[in-house]
Amino acid sequence: MGKIAIKVTVNGKKYDLEIDPRLRLIDLLRDELRLTGTKEGCGEGECGACTVLLNGAPVNSCLVMAFQADGKKVLTIEGLGSEEKMHPIQEEFLKQGAVQCGYCTPGMVLSAYSLLKKNPQPAREEIKKYLAGNLCRCTGYDKIIKAVESASQKGVSRDD
Amino acid sequence: MKKFTVYSPKNLDDALRCLKTATGQTKLLAGGTDFVIQLREGSITPDTVIDISGVQELKCIKEEDGFLKIGAACTFTQISESNLVQQKAFCLAQAASEVGSEQVRNAGTIGGNIANASPAADSLPALVALNAEVTIVDANGKSRSIPVEKVSAGVGKNNLVANEIITEINIPLLGEDWRTAFCKLGRRKALAIARINMALVVRFDESAGLIKDARIALGAVGTVAFRTQKAEGILVGNKPSRELMEKFAETVSTVVEESIPTRSSMPYKRTAVKGLAFDIFEKLFSDSLKK
């Protein structure tokens, strides 16, 4: 019952790791790889603060075991933009005032990114449904939806 | 949390091999949306975990021998987006699209939903109304098939033995004259655990305007989703109308009352279910109701 060897690509970087089987994906990202942009909120899949993309699809990293990421690609908020150059979705979030305390933002931005990849011109209702797994207790959502709409109008999904 | 051994089989043969030494302390893991929570709260304490999320054979959806066959490790996203499911078992595609959130649907699987035996499981009413059967295979490769509602052995328990695994869900294909729908009532639109969910599958003779056959399944008003012949009888042989819809809603309401007589949520649910009955009836018969 030792450690498990996994190969995982996080934000384009390949890792060969020996991990404790009890780690969740969020523990691996935050505590082992020090990617603390991914936030833990409820720990039971209700709030979406821990959202990351696993092989391109948003999942709650608090509900995925770390060993399940073996052979897969993970995208966290650190892989989307940089401090020097934000991702266009992040820029729209700022412009629209869609960030207040910021705790939900990494997950929210990743969900929005995944939506625009899948559906570059979503209707307002589609945005609401897609982001329903990401809770925000500050903004009232309207500004977040506006940010996704304006990112969509600017053709953000084609950027990378 | 105690340590455990992990197996991650990539095909069904390997998965069955892993099951050969399975005990009560062996847990199957697929999407993890229930598993990880149970593991952390200590309600499960496995010594061995078999992660079946990578088993290829369990991830296909196909039409074969008069059945729609759905692999147990198919995610809800896969099911809700499948053209085949949308065409052949629309109520199941609808139910799948209303599970949890995008994140939960991307991970959670139909086999896990059945095996975890939550009374509020969203796939269950749809599967029950569709007469779905579940294929269960043991470590020796011996398979058996049981109706989907027989998998549950009470809240959170199932009838599988330690060396068994759910491999497939089989839904008998419906003819062209069948219509299906699913409705759910939760505390909010998204991410809600169903307070009540319902699926209705009917055979409708369009030229005569008559309901020829009906199967209704109700969820979250008992330990497992169940059919209600009483409400089905109200529909069969009749023409969809406002009056029939009222009568149907009243009957469903009594069914709920009889199913959970002592539950504190009963007065709420017996009333709320009427709204759900109206919704589902309107979804299926909007054409007849307009006339």
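The values are calculated or read from the model by the stated rules, or taken from the named source; none is laboratory data. Since the structure is predicted, the reported quantities are computational estimates derived from the model, not experimental observations. Cβ sites come from the backbone with ideal geometry, for glycine too, and all protein chains shown count toward neighbours. The protein model used for the area step is the full one, side chains on, heavy atoms only, and it has no ligands, DNA or RNA in it. Shrake-Rupley method; radii C 1.70, N 1.55, O 1.52, S 1.80 Å.
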Residue in the range B:177-199 that is more than 30 Å from A:L135 (Cα to Cα), open to solvent by less than 50 Å² (accessible area, probe 1.4 Å) and among the acidic types (D, E) present: no
Those residues of the range B:205-230 which are among the hydrophobic types (A, V, I, L, M, F, W, C) and touching a residue at least 40 places away in the same chain (Cβ under 8 Å), in sequence order: B:I216, B:A217, B:L218, B:A220, B:V221, B:V224, B:A225, B:F226
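So that you can scan it fast, the table gives a plain yes or no per residue for (1) open to solvent by less than 70 Å² (accessible area, probe 1.4 Å); (2) in contact (Cβ under 8 Å) with a residue 12 or more places away in the chain; (3) not in a helix (DSSP H, G or I):
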{"site": "B:K239", "(1), (2), (3)": "no, yes, yes"}
{"site": "B:V256", "(1), (2), (3)": "yes, yes, no"}
{"site": "B:R263", "(1), (2), (3)": "no, no, yes"}
{"site": "B:I280", "(1), (2), (3)": "yes, yes, no"}
{"site": "B:F285", "(1), (2), (3)": "yes, yes, no"}
Every residue from the range A:121-133 that is open to solvent by 50 Å² or more (accessible area, probe 1.4 Å) and in contact with a Gly (Cβ under 7 Å, 6 or more places away or on another chain): none
Flag for B:K3 being assigned to a loop (DSSP other than H, G, I, E, B) and either of a type in the set (K, R) or in contact with a Gly (Cβ under 8 Å, 6 or more places away or on another chain) (or both): yes
A:G2 part of a loop (DSSP other than H, G, I, E, B), open to solvent by less than 60 Å² (accessible area, probe 1.4 Å) and closer than 21 Å to B:G108 by Cα: no
Qualifying residue in the range B:57-72 (condition: within 13 Å of chain A (Cβ to nearest Cβ) and of a type outside the set (D, E, K, R)): no
Count - residues of the range B:112-123 that are open to solvent by 10 Å² or more (accessible area, probe 1.4 Å) and assigned to a helix (DSSP H, G or I): 3
Residue that is most open to solvent (accessible area, probe 1.4 Å) [pool: residues in the range B:25-38 that are of a type in the set (A, V, I, L, M, F, W, C) and within 11 Å of another protein chain (Cβ to nearest Cβ)]: B:I37
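The rows are residues; the columns are (1) within 11 Å of chain B (Cβ to nearest Cβ); (2) under 12 Å from the mean Cα position of the chain (by Cα).
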position: A:L54; (1), (2): yes, yes
position: A:E78; (1), (2): no, yes
position: A:E84; (1), (2): no, no
position: A:A98; (1), (2): no, no
position: A:V109; (1), (2): no, yes
position: A:Y113; (1), (2): no, yes
position: A:K117; (1), (2): no, no
position: A:T139; (1), (2): no, no
position: A:K154; (1), (2): no, no
Index of the failed condition, A:D70 passing every other in (1) more than 14 Å from chain B (Cβ to nearest Cβ); (2) buried (at least 18 other Cβ atoms within 10 Å of the Cβ); (3) among the charged types (D, E, K, R): (1)
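Just for the range B:97-115: of the residues that are touching a residue at least 40 places away in the same chain (Cβ under 8 Å) and away from chain A (no Cβ under 12 Å), which one is farthest from B:K150 (Cα to Cα)?
B:T109
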Flag if B:V148 is open to solvent by less than 50 Å² (accessible area, probe 1.4 Å) and touching a Leu at 6+ places or on another chain (Cβ under 6 Å): yes
Test for A:C47: is it crowded, with 24+ Cβ neighbours inside 10 Å and within 21 Å of B:T45 (Cβ to Cβ): no
Hey, B:V155 open to solvent by 40 Å² or more (accessible area, probe 1.4 Å) and β-branched (V, I, T) or not: yes
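Take residues that are open to solvent by less than 20 Å² (accessible area, probe 1.4 Å) and tell me which of the strands (runs of 3 or more DSSP E) falling wholly in the range B:39-109 contain 2 or more.
Strands (runs of 3 or more DSSP E) meeting the threshold: B:48-51, B:67-71.
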Number of the exception - B:S207 against (1) of a type in the set (S, T, N, Q); (2) closer than 21 Å to B:A95 by Cα; (3) surrounded by fewer than 23 Cβ atoms within 10 Å (Cβ to Cβ): (2)
